Amino acid sequence: MNKFSAKKLARAAIIAALYAASTMLLAPISYGAIQFRLSEALCVLAFFYAEAVPGLTIGCLIANTLGNGPLDIIFGTFATFAASYLSLVCSKAISNEWAKYVVCSSFHVLLNAFIVPIAILGFSNVTEGYFLLALQIGIGQLVVFATLGLLFYLIILRIQKSNYLFKNLD
């Protein structure tokens, strides 16, 4: 199938729309120093589909326009792109399903924990409060990936194994 097929473009657009809409719909818990961005559970799609990377990146970009200012648009979006891309690459190299989930999820937890505080604090006094904020963001990411993200991952694996809905997606 063509690398840039209409089906893959549509899937990327749907992922972007779901990420942006769910983040904005749950705005009270999606932004700020303590955040549980439930839309991050969609990042497990990058473990399976290359088109999820631009979809997640664009969705995050749209959602971050309501976030913590211009730095959030740049750095927060970059964190999602980098974590999604690394997840895609590593998911192809790791065959064990549990190891794949742990390693790929770690990119999202760690990159967001270390990059998003820069967006929230800005460049001035970036060290003051940085580590506490990194811990808070990291815990929020970890909670989302350990609950909703894991559930979503297991559902996708089950559906793929049953070959029901996903048989013609590639």
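List of remarks:
- Among the residues of region 1-49, the ones that are more than 20 Å from VAL109 (Cα to Cα) and not in a helix (DSSP H, G or I) come to 5 in all.
- Residues of region 21-45 that turn out to be over 24 Å from LYS100 (Cβ atoms) and crowded, with 21+ Cβ neighbours inside 10 Å, as a count: 3
- The one condition in (1) touching a residue at least 24 places away in the same chain (Cβ under 8 Å); (2) under 27 Å from ILE155 (Cα atoms); (3) in contact with a Leu (Cβ under 8 Å, 6 or more places away or on another chain) that ILE62 fails to fulfil: (3)
Conditions tested, residue by residue: (1) touching a strand residue (DSSP E or B) at 6+ places or on another chain (Cβ under 6 Å); (2) of a type in the set (Phe, Trp, Tyr); (3) touching a residue at least 24 places away in the same chain (Cβ under 8 Å); (4) more than 17 Å from ILE139 (Cβ to Cβ).
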| position | (1), (2), (3), (4) |
| --- | --- |
| CYS90 | no, no, no, yes |
| SER95 | no, no, no, yes |
| TRP98 | no, yes, no, yes |
| SER106 | no, no, no, no |
| ILE115 | no, no, yes, no |
| ILE120 | no, no, yes, no |
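- Restricting region 2-20 to residues that are of a type in the set (Gly, Ala, Ser) and out of contact with any helix residue (DSSP H, G or I) (no Cβ under 8 Å at 6 or more places or on another chain) leaves a set whose member that is surrounded by the fewest Cβ atoms within 10 Å (Cβ to Cβ) is ALA6.
Read-outs: derived from the displayed coordinates by stated rules, not from any lab. Everything quoted here is computed from the prediction, not taken from an experiment. FYI the Cβ positions are ideal-geometry reconstructions off the backbone, even for glycines, and counts take in every protein chain you see.
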